[in-house]
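The values are calculated or read from the model by the stated rules, or taken from the named source; none is laboratory data. Computed from a predicted structure; not experimentally measured. Note that we place each Cβ from the backbone using ideal geometry, even for glycine, and neighbour counts take in every protein chain shown.
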């Protein structure tokens with residue numbers, strides 16, 4: 001199927017009783033510094049501390065009881081695992097998360113805290129997939145892929161939907177980070193459809209770390225990059241773009257811009273200091289991209305999705 | 001004059017165009033951990049990063065043009081200086097802030113950033129007051145005391161006013177930190193007046209660091225402590241209770257509870273992790289007081305004013 005605004009609106013109606021409508025925030029000081037008007041969607045204040053709650057909730061609440069009774073499963077080293085565990089618990093379903101054995105203890109604890117079973121595996125993609133396959137064989141549970149999944153993309157798109165509803169006027173640009181591409185593809189579908197209805201346009205831009213630039217490479221070359229060895233502090237963006245995400249992004253995203261590691265740290269600190277909220281490095285990538293590509297944003301009204309706030313407070317990058 | 005709910009409502013109408021209506025936040029995980037229902041008023045998201053914007057704005061906007069043309073002055077090592085500078089700039093007035101020479105550079109910069117003049121002095125109360133007196137003599141500017149001032153108390157009371165308006169039901173307890181006593185005295189006036197109108201009661205509790213416990217001592221003995229040597233990480237609460245603040249607090253506050261330094265740090269970290277917002281140690285004192293006095297709060301609905309979020313990110317206490 002091809003995901004439309006209507007699917008995302010349905011997803012929103014489905015998940016609304018369970019998620020937070022997170023606030024929009026802004027800072028005159030940040031605007032002055034960066035030369036544009038930034039409107040931040042604070043998904044770090046979302047359930048489980050990240051927009052991932054939206055996709056996880058939509059996937060679980062889209063399932064029929066029979067499938068759900070067999071449980072859900074995913075592989076994730078981060079926020080998607082916690083989101084799926086949280087959403088499954090809301091419906092009393094069992095959830096299994098395959099996590100690399102070197103994932104941070106705090107993330108394993110979070111997933112277990114929501115009542116899910118954690119299966120540890122060797123941290124390679126092959127091992128992850130083998131562990132998932134074995135578990136599915138044994139339990140007939142349903143795989144909920146972190147981004148290459150229609151229900152997930154529709155769920156993540158609800159963050160942009162709310163953003164555009166919460167703003168007095170539509171922005172010139174909407175900016176979202178890109179890792180596996182769930183958030184960015186949902187955002188693109190929503191933004192273009194809503195802009196079209198309003199007889200205007202919104203440029204949809206993805207922000208990616210230089211150290212995990214597979215989306216930028218694939219977007220530029222037309223050829224999806226299937227493997228990369230990420231080297232970035234933005235742990236939420238180390239994934240490689242999914243298949244259906246790549247297609248949507250190639251068709252509907254206007255640009256992908258890169259951010260350097262020092263800029264990501266500087267941007268993270270800027271947001272902490274000025275907005276007084278805790279964002280994780282993956283969220284800071286958008287702000288860093290604005291810092292390093294000022295000509296694209298100068299004088300524009302820019303909506304920015306701050307994707308999450310799950311940070312190890314004992315390992316801050318400054 | 002004696003400050004009433006009506007004064008605080010007038011203050012609210014006066015400052016509302018300039019301040020943020022900060023959100024209420026909550027966390028099921030914090031509630032589970034602490035055994036009560038906590039509703040956090042996020043004044044760390046206020047202009048200048050603290051509730052002090054309310055009092056500063058009310059004081060400046062209560063002045064007539066003639067007085068204002070001669071400027072305003074205060075002494076402050078922290079948020080009140082920034083708040084007064086910010087409010088004065090809104091009306092195009094000059095502002096002078098006397099700051100101890102050992103105040104953090106970042107705070108001096110913040111005050112200068114709002115366009116105020118900083119006069120540095122030796123860090124004793126006598127020297128501060130001498131510097132203020134000399135400047136008033138020279139300029140006839142108006143002193144806006146950080147807490148021992150009716151317009152400031154009425155302004156700070158608007159945080160509690162909004163809190164009670166934003167909650168679906170009135171809380172059993174409202175909890176505010178106490179340093180000089182501006183916030184706590186305004187809070188007490190509002191809470192009792194509104195509870196009375198609703199035919200119920202709200203217990204007003206102040207939270208204070210053990211290392212700067214002058215309010216607790218004065219409250220207990222009936223004798224205001226006029227000097228102390230504070231030793232606490234909660235830099236916003238190192239002041240000694242003001243005269244009129246002491247009177248209001250003695251008459252209208254139900255209890256003052258103390259928090260230890262380790263609990264303040266633990267509480268600060270808990271709020272950062274669970275609410276994903278940055279609060280300063282002074283705000284954490286309320287949460288620490290709940291941790292260390294569970295019997296007072298068990299099963300209760302408790303509104304907590306998180307006073308501010310101005311923290312030196314290079315000197316975190318963990």
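Looking at segment B:32-51 only, could you name the residues that are away from every other protein chain (no Cβ under 14 Å) and closer than 20 Å to residue B:177 by Cβ?
B:34, B:36, B:37, B:38, B:39
Taking the residues in segment B:21-31 that are in a helix (DSSP H, G or I) and in contact (Cβ under 8 Å) with a residue 60 or more places away in the chain as candidates, determine which candidate is nearest to the other protein chains (Cβ to nearest Cβ).
B:29
Out of the residues in segment A:282-296 meeting the condition of being surrounded by fewer than 24 Cβ atoms within 10 Å (Cβ to Cβ) and touching a strand residue (DSSP E or B) at 6+ places or on another chain (Cβ under 9 Å), tell me which one is nearest to the other protein chains (Cβ to nearest Cβ).
A:291
Out of the residues in segment A:1-18 meeting the condition of being without any contact (Cβ under 8 Å) to a residue 60 or more places away in the chain and outside any helix (DSSP H, G or I), tell me which one is farthest from residue A:152 (Cα to Cα).
The selected residue is A:17.
In segment A:176-208, what residues are more than 25 Å from residue A:78 (Cα to Cα) and in a loop (DSSP other than H, G, I, E, B)?
Within segment A:176-208, A:198, A:199, A:200, A:201, A:202 meet the criteria.
Just to be sure I understand, how many residues within segment A:254-279 are more than 9 Å from chain B (Cβ to nearest Cβ) and either under 16 Å from residue A:38 (Cα atoms) or touching a strand residue (DSSP E or B) at 6+ places or on another chain (Cβ under 9 Å) (or both)?
The number of residues fulfilling the criteria is 13.
Specify the residue that is nearest to residue A:272 (Cα to Cα); the eligible residues are those in segment B:46-86 that are in a loop (DSSP other than H, G, I, E, B) and modelled with pLDDT of 95 or more.
Among them, the one singled out is B:46.
Among (1) in contact with a helix residue (DSSP H, G or I) (Cβ under 7 Å, 6 or more places away or on another chain); (2) under 13 Å from residue B:184 (Cα atoms), there is one condition residue B:242 misses while meeting the rest; what is its number?
(1) is the only condition that residue B:242 fails.
Between a first residue in segment B:137-154 that is in the same structural domain as residue B:88 (by TED's automatic domain parsing) and without any contact (Cβ under 8 Å) to a residue 24 or more places away in the chain and a second residue that is part of a strand (DSSP E or B) and crowded, with 22+ Cβ neighbours inside 10 Å, which pairs have beta carbons less than 9 Å apart while being 6 or more apart in sequence or on different chains?
As it stands, the answer is none, since no pair meets every condition given.
One line per residue, one yes/no per condition, for (1) buried (at least 19 other Cβ atoms within 10 Å of the Cβ); (2) assigned to a loop (DSSP other than H, G, I, E, B); (3) under 15 Å from the mean Cα position of the chain (by Cα); (4) at pLDDT below 95:
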position	(1), (2), (3), (4)
A:44	yes, no, yes, no
A:89	no, no, no, no
A:96	yes, no, no, no
A:106	no, no, no, yes
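Can you confirm whether segment B:244-253 contains a residue that is within 27 Å of residue B:224 (Cβ to Cβ), modelled with pLDDT of 95 or more, in contact with a strand residue (DSSP E or B) (Cβ under 8 Å, 6 or more places away or on another chain) and not in a helix (DSSP H, G or I)?
There is at least one residue in segment B:244-253 that is within 27 Å of residue B:224 (Cβ to Cβ), modelled with pLDDT of 95 or more, in contact with a strand residue (DSSP E or B) (Cβ under 8 Å, 6 or more places away or on another chain) and not in a helix (DSSP H, G or I).
Any chance you could count how many residues in segment B:135-151 are over 12 Å from residue B:12 (Cα atoms) and part of a helix (DSSP H, G or I)?
Matching residues across segment B:135-151 total 6.
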